[in-house]
Amino acid sequence: MSTNLANKLRTGLKPQQFIDSMEKNQEQFVAYYNGFEWDNEEDKEYFDSLNNRDDLRCLIVAADWCGDVVRNVPVVFKALENSGIPTEVLIIEQNYDVIDQFLTGGGRAIPIVIFTDTGGFVLGQWGPRPKHVQAVMNQFKKENLDREAADYNEKIQVARAEMGRQYGEGNGYHAVIVKELRELIESF
């Protein structure tokens, strides 16, 4: 049976409402948002062309305290801004019922960007981070199953530092997110 989120459509925050309501990391979020630039005109035209489709909806499970939300959601907002796809943010603490249907490696990780049809049936998802960055966490989890191990916290800090390196300097990773979102949307 397909996952249906019809009961969540039109219950979230619009992108600007989410930004305005941020109590943490708002300045950095807005900096990433304002720093977004299309890597190429073809991607911009593709996302603009989605205005011809009225069958898609986007729900983003997020929270202002999460570093990956602060890095990645501004890119999603910008990519979808002129697409005509209604986009809403569901705050994780009020939507555990949703995030628990989209676990990453068995755990709650955000942001999760969920595309549905107008009836709320899930077509696909992206997140919590670009695939090459997520690969670092996947490897860490595979190698560190015991969260109670004496060196777990030390090792996760190393993994987080490596994820930061994978994101790279500046906003180059924005094009990676745009590419991954485009590939996902093209699949339905």
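Here 27, 42, 23 are screened, and the one residue that is closer than 19 Å to residue 172 by Cα, more than 16 Å from the chain's Cα centre (by Cα) and of a type outside the set (Phe, Trp, Tyr) is 42. Taken over segment 39-95, the residue count meeting the criterion of being of a type in the set (Asp, Glu), open to solvent by less than 50 Å² (accessible area, probe 1.4 Å) and closer than 15 Å to residue 29 by Cβ is 2.
So which of 18, 36, 47 ends up being part of a loop (DSSP other than H, G, I, E, B) and either farther than 30 Å from residue 119 by Cβ or touching a residue at least 24 places away in the same chain (Cβ under 8 Å) (or both)?
Numbers: 18 fails: part of a loop (DSSP other than H, G, I, E, B); 47 fails: part of a loop (DSSP other than H, G, I, E, B).
From the options 18, 36, 47, the qualifying one is 36.
Does segment 21-44 include one or more residues that are under 17 Å from residue 181 (Cβ atoms), out of contact with any Asp or Glu (no Cβ under 7 Å at 6 or more places or on another chain) and among the basic types (Lys, Arg)? So far as segment 21-44 goes, yes, one or more of its residues are under 17 Å from residue 181 (Cβ atoms), out of contact with any Asp or Glu (no Cβ under 7 Å at 6 or more places or on another chain) and among the basic types (Lys, Arg).
Report, by residue number, each residue of segment 133-188 that is open to solvent by 50 Å² or more (accessible area, probe 1.4 Å) and among the aromatic types (Phe, Trp, Tyr). Correct list: 188 only.
The values are calculated or read from the model by the stated rules, or taken from the named source; none is laboratory data. It should be emphasised that the depicted structure is a prediction, and the values quoted were computed from it without experimental measurement. Cβ sites come from the backbone with ideal geometry, for glycine too, and all protein chains shown count toward neighbours. For accessibility, only protein heavy atoms count, side chains too; no ligands or nucleic acids. Shrake-Rupley method; radii C 1.70, N 1.55, O 1.52, S 1.80 Å.
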